[in-house]
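Here the structure comes first, spelled out in structure tokens, and everything after it is commentary.
The values are calculated or read from the model by the stated rules, or taken from the named source; none is laboratory data. What you see is a predicted model, and the numbers here were worked out from it, not measured in a lab. A quick note on method: Cβ atoms are made from the backbone with ideal geometry, for glycine too, and the neighbour counts reach across all protein chains shown. Calculation scope for accessible area: heavy atoms of the full protein, side chains included, ligands and nucleic acids excluded. Shrake-Rupley method; radii C 1.70, N 1.55, O 1.52, S 1.80 Å.
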Amino acid sequence: MSTAEQWYNESMARIEAGENRAKRFAAYKKTKEYRDDVAYVMGRLAANPNKVSEAIGADGIQYPFNTNMAGRSDTERADIRAEIDRWEKAFYGAIGRAIITRDNATIGELINRHAFPYLEKMAEEIVEDRFQ
């Protein structure tokens, strides 16, 4: 077998293995075991002060709109930045008002609203990376 044939066969085998893994993972994601694994990893992440700090800080913000600026014009990027600024002003303003009024339930809800999805996504990625 020539080097080109060997390379082709090995490449096709890797592609097929990746497709099989993707199918198995898609089936696994529908199981209780997957949800339990994600919950377990989230618990581990929530016990890590560095990960919690990320989740409740600026890294954890989950914008309710597309913030991807790749391939956007200068005008579109400026519009996205303005939308981000408006959203952050409203979000942090709500937290500030809740602090002043000592509305701890609102503070908790606002923080958890963006921290939980951040940790959940991180946990899902870890579970997927560890999937055999």
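Within the stretch 45-67, can you find the residues that are assigned to a helix (DSSP H, G or I) and either touching a residue at least 40 places away in the same chain (Cβ under 8 Å) or open to solvent by less than 60 Å² (accessible area, probe 1.4 Å) (or both)? Within the stretch 45-67, 45, 46, 51, 52, 54, 55, 56, 59, 60 meet the criteria. The number of residues in the stretch 16-44 being open to solvent by 90 Å² or more (accessible area, probe 1.4 Å) and either in a helix (DSSP H, G or I) or of a type in the set (Phe, Trp, Tyr) (or both) comes to 9.
Each row is one residue, and each column tells you yes or no for (1) open to solvent by 80 Å² or more (accessible area, probe 1.4 Å); (2) free of Cβ contacts under 8 Å to residues at least 12 places away in the same chain; (3) out of contact with any strand residue (DSSP E or B) (no Cβ under 6 Å at 6 or more places or on another chain); (4) assigned to a loop (DSSP other than H, G, I, E, B).
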position	(1), (2), (3), (4)
86	yes, yes, yes, no
91	no, no, yes, no
113	yes, no, yes, no
117	no, no, yes, no
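Evaluated against (1) charged (D, E, K, R); (2) in contact with a helix residue (DSSP H, G or I) (Cβ under 9 Å, 6 or more places away or on another chain); (3) at pLDDT below 95, residue 97 falls short on exactly one condition, (3).
Being part of a helix (DSSP H, G or I), hydrophobic (A, V, I, L, M, F, W, C) and more than 30 Å from residue 128 (Cα to Cα): is that true of residue 4 here? So residue 4 fits the description; yes.
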